[in-house]
Structure formats: structure tokens, C-alpha cells
Amino acid sequence: MDIAVCRQTKKNMPSQQKTILIWTIPILLIIISMVLWAFTKDSYLKNYNLNNISHAIANILGLIGITLLCFNIALSTLFKGFENFSYLYKPHHLSGKIAFIFIILHPMFQSVRFFNRSINQGLNFVFFNFKIPLLLGKSALFGMIILMLFTLYVKTPINIWKLIHKWFILIFILAVAHMTFMDSDLTENIYLKIYMLSLSYLTLLLVFYKNVLKEGISKPPIIK
């Protein structure tokens, strides 16, 4: 099949197939992160008690949440006017919602092991732990909650909507800083750490390149 026929096939591809094609990107990224996480040497892979299970679930939720956030930001950064193309907007919108839910659940499951020890330890973890890595995570979480609620439930003109979305970059930077400095699975699994930090910092470089060094791509991809 020659190149001209391939391009024509992409142009004629139904919107649903284009959406599925776009979704293969975050799914593949998540699979890679889960495979790497499976090699993490941690006791909860051997001892299935409440503390270890909740800790494992929290880390999985965090990894998937930050991966989807990378995809979400990269998609909106690469393509100007993406909201006008359903095969781009739908994955962007849904991945943002899923990332939001997972990132909210991440600290909830982390707190289970502290509350399981005592109410005081649980309350201390949630309200009175002022270590910088944890404060970065809390700031990212509360900021994301405010922006997501405003985005989902407050009707705004498109220019205001786009401006609000730019603030998600700051939330993402806080989340990446939290992931970088927090003592977690990334600390003991160098391959997972390299992968997740590379994914996150490449996303930040893409945002910097688009907003500072060059204007964003004005056309959607070939498979429109």
C-alpha cells in the first residue's frame, strides 16, 4: 500500500477509531509503569495485610494518576484548538477526570495505614505533617480539586476556560516535585524512578518549548 493510500485511509478513519487510537498512548504508558512497579522490592508484595495492601493501592493510583496527567497536558499542549476535535477532546476530558479521581484516592489509601495504627497518627498524617514533600503533594491535591470543580461545574467563556487550564501546569509542577522528593517506591526502584521522572520532565519540557520557545502546533494530527 503506497503512502497516498495510507494517508487517505487515515483521513477516512471514523471518529471512534481515532479516539481508540489516541487512547493507546496512555494505556501503553500505564502498562509500562505497572510492569516496572511489579519489580519493586517491597514487603507488601509478600505480606498481604491492610497496611501493605493500602500502601500498594495508593502507589498504583499515584503512578496511573501522574501518567494520565502527563498525557492530558501533553495532548492539550501539542494541539491548539484540540477542543474542536472530538477524537482529541474526549480522551483529554476523560483522562483528566480519571487522573483527578486517582490522585484524590492516592492520599486516602496512604492514610489508611496511619489510621490503622491509631487515630492520632492518621490525623497527624492528614493535617499536621509539614514535611516539604508532603506539603507539595497536598498543595497539588487541593489546587487540582479547586480547578477541577471550577472547570466541571462552572460555565465560563472559552477564553476563561483556557486560562484556567494553564493553571494546571502549576499543579502538575507541584505534583512532579512531590513525586521527586517523596520517599516512595521510586526511591527503591531506580528503573521506575527513571521512567516516571523522564515522562514527567519531558512533559514539562514540552510545555516550556511550546509556550516559551515556539508556538503550539496549530493543526490537528494527520488522522483528523
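Miscellaneous remarks
- In this structure, the pairs whose alpha-carbon distance is over 28 Å, taken from 90/193; 80/138; 18/138; 90/162; 90/155; 18/162, are 90/193; 80/138; 18/138.
- You can think of it this way: the chain between residue 105 and residue 197 has 31.0 nm of extra reach, that is 0.36 nm per residue less the Cα-Cα gap.
- Label-point separation in nm, residue 156 to residue 30, each point 7 Å along Cα→Cβ: 2.7 nm
- Estimated from the Cβ-Cβ distance and a Förster radius of 25 angstrom, the FRET efficiency linking residue 130 and residue 205 is about 0.20.
- Only the Cβ atoms of Lys and Arg (+1) and of Asp and Glu (-1) were treated as charged; on that basis the dipole of the stretch 133-200 about its Cα centre amounts to roughly 440 debye.
Any read-out appearing in this document is the output of simple, stated calculations on the displayed coordinates, not a laboratory observation. The model shown is predicted, which means the values in this text are computed figures rather than measured ones. Methodologically, a virtual Cβ is constructed for each residue, glycine included, from the backbone with ideal geometry; neighbour enumeration extends over all protein chains shown.
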